[in-house]
Amino acid sequence: MLSKRTPTQRTMEALREDGWTVGVVERYMSRVGMFGIRRDYLGIIDVIGCHPNLGILGVQCCAASGKASHVRKIISSSNSLEWIDAGGRLEVWSWRKYVKPVDRKYWRSTITRIAASDIVTAALEA
């Protein structure tokens, strides 16, 4: 029986393979609402990673179908610019399962980097 892994688990595995030290900062709050809610760190980050050569990384993890809404969520948050100004990088990792494997992997991510200019542009357009 194959276990179903979440986008967060897939992201953490991929980052560890690339030499990152990672941790989950998203929290599940079971006593809020009827079914509970998930609360991201700063409202925008699921996983934080640090790498000796690449610095600090905040990642929002999702399925490919949720990529656009997650990018909008990060761009519209005031915490995003603070994170980037403090030296952190922000990325959205969206995961999709393909029919044909690449390097024996069916699941692949699309990584979207969020830059300070993306956030400023969104603020000016609002």
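None of the figures in this text is laboratory data; all of them are computed from the coordinates on show. Here the structure is a predicted model, which is why all the values come from computation and not from measurement. Counting neighbours? That spans all protein chains shown, and the Cβs are built from the backbone with ideal geometry, glycine included.
If you take the residues in the range 1-35 that are touching a strand residue (DSSP E or B) at 6+ places or on another chain (Cβ under 7 Å) and assigned to a helix (DSSP H, G or I), which one is surrounded by the fewest Cβ atoms within 10 Å (Cβ to Cβ)?
From the range 1-35, those touching a strand residue (DSSP E or B) at 6+ places or on another chain (Cβ under 7 Å) are 7-8, 10-12, 14-16, 19-29; that's our starting set.
Then keep just the ones that are assigned to a helix (DSSP H, G or I); that gives 7-8, 10-12, 14-16.
On the way: P7: 22, T8: 20, R10: 17, T11: 27, M12: 21, A14: 19, L15: 20, R16: 12.
For the range 1-35, the residue satisfying everything is R16.
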Subset of the range 67-77, residues surrounded by fewer than 17 Cβ atoms within 10 Å (Cβ to Cβ) and out of contact with any helix residue (DSSP H, G or I) (no Cβ under 9 Å at 6 or more places or on another chain), comes to A68, S69
Hits in the range 79-90 (condition: small (G, A, S) and surrounded by fewer than 12 Cβ atoms within 10 Å (Cβ to Cβ)): A86, G87
Name the pairs: first residue in the range 61-81 and closer than 17 Å to R39 by Cβ, second residue of a type in the set (S, T, Y) and buried (at least 18 other Cβ atoms within 10 Å of the Cβ), Cβ to Cβ under 6 Å, at least 6 apart or on different chains? C61/T8; C61/T11; C62/S94; I74/S80
